[in-house]
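A.B. asks: After the structure tokens below, expect a handful of questions from me.
Every read-out reported here was derived from the displayed coordinates using simple, explicitly stated rules and does not represent laboratory data. Not measured: the values here are computed from a predicted model. With ideal geometry, Cβ positions are generated from the backbone for all residues, glycine too; neighbour counts draw on all protein chains shown.
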Amino acid sequence: MMETVGMVRIFQCSLSHRSVRYTSYIRDGDSKTFSSITASNPYGEDITVSKIECVGHVQKRMGTRLRKLKQMSSKLSDGKSIVGKGRLTDRMIDLITTYYGNAIRQNKTCLSDMQKAVWAVYFHIRSSDEEPLHSFCPVGPNSWCKYQNQVVEDSVETFRHSNKLPVAVMDAIKPVFNGLSQPKLLQNV
């Protein structure tokens, strides 16, 4: 409550004390503060304050949702649990979360590129030797995708996928990617 009151006061006094108008508010997940700022209408009807999501907090949502899914899940379509060796481990969740954050940070100037990069993470991890799914991955010798590096070197036939997850696990986590790749969320990052 004190943080909310303090932030509202900062916005309301910004013009008289500093001769500036703060038109953006970087959210840290606390929706009460932003709604209180907009409700106070610090600069009148003509100027609205927009919210910007903190990349770190949005990135954290990926890990939180995957961990929650890991705890709640029962048997998947392949008859196995979502957890275990070669499945959704804490290490894999951390890796996916890092890749997701990088996809956002590396594509801040273009929403469609950002969405494509988020889905590149999904399909990259879903890829297998039998079914390589790297069409969303960045191409070229400097790509983070080792498969795409091999394409440049013309040695893709020797490439072996690692850090992959089974189709049943990927199907289970797809709704998380779908929710966290929505334009409404990503456009405010």
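A.B. asks: For the chain, modelled as a GNM with alpha-carbon contacts under 10 angstrom, which of R126, R160, R18 fluctuates the most?
C.D. replies: R18
A.B. asks: With charges set only on the Cβ (+1 for Lys and Arg, -1 for Asp and Glu), what does the dipole of the range 1-151 come to about its Cα centre, in debye to the nearest 20? Please list the in-between numbers first.
C.D. replies: Numbers: 22 positive and 13 negative charges, 89 e Å.
My answer is approximately 420 debye.
A.B. asks: Once the convex hull of the alpha carbons of the range 1-88 is built, what does its volume come to per residue, in cubic angstrom?
C.D. replies: Working: hull volume 12.1 nm³, N = 88.
Once divided by residue count, the hull of the range 1-88 is 137 Å³.
A.B. asks: Only helical DSSP H runs with n ≥ 4 go in: add -39500 (n - 2.57) per run for the chain, normalise by residue count and round the 222 nm mean residue ellipticity to 500 deg cm²/dmol.
C.D. replies: Details: 8 runs with 101 residues, N = 189.
Result for the chain: -17000 deg cm²/dmol, rounded to the nearest 500.
A.B. asks: What angle, in degrees between 0 and 90 and rounded to the nearest 10, separates the Cα long axis of helix 90-105 from the longest principal axis of the Cα atoms of the chain?
C.D. replies: 60
A.B. asks: Let me ask another. Which angle between 0 and 90 degrees, to the nearest 10, do you get for helix 111-126 versus the longest principal axis of the chain when only C-alpha atoms count?
C.D. replies: Roughly 30 degrees between the two axes.
A.B. asks: Quick check: the angle from helix 55-72's long axis to the longest principal axis of the chain, C-alpha only, nearest 10 degrees?
C.D. replies: The angle comes out at about 50 degrees.
A.B. asks: Okay, next question. What does the highest-first list of 67-74, 87-94 look like by mean Cβ count within 10 Å? Please report the intermediate quantities before stating the final value.
C.D. replies: Numbers: 67-74: 12.6, 87-94: 16.4.
Going by the mean number of other Cβ atoms within 10 Å, highest first, we get 87-94, 67-74.
A.B. asks: Do me a favour and compute the ellipsoid semi-axes for the range 128-189 from its Cα gyration tensor, root of five times each eigenvalue, largest one first, whole Å.
C.D. replies: That gives 26, 17, 7 Å for the three semi-axes.
A.B. asks: If you build the Cα gyration tensor of the range 55-189 and take the root of 5 times each eigenvalue, what three semi-axes come out, in whole angstrom, biggest first? Mind showing how you got there, number by number?
C.D. replies: Details: eigenvalues 107, 93, 24 Å².
So the equivalent ellipsoid measures 23, 22, 11 Å along its semi-axes.
A.B. asks: Name the long-range amide H neighbours of I52: under 5 Å, sequence gap of 5 or more, or other chain; modelled H, no Pro or chain starts.
C.D. replies: Y25, I26, R27
A.B. asks: What list of ³J(HN,Hα) couplings, whole Hz, do you get for the range 130-141 from phi and the Karplus terms 6.51, -1.76, 1.60, once you set θ to phi - 60° and write x for glycine and proline?
C.D. replies: So the J values, rounded to whole Hz, are 6, 9, x, 10, 10, 5, 8, 5, x, 9, x, x.
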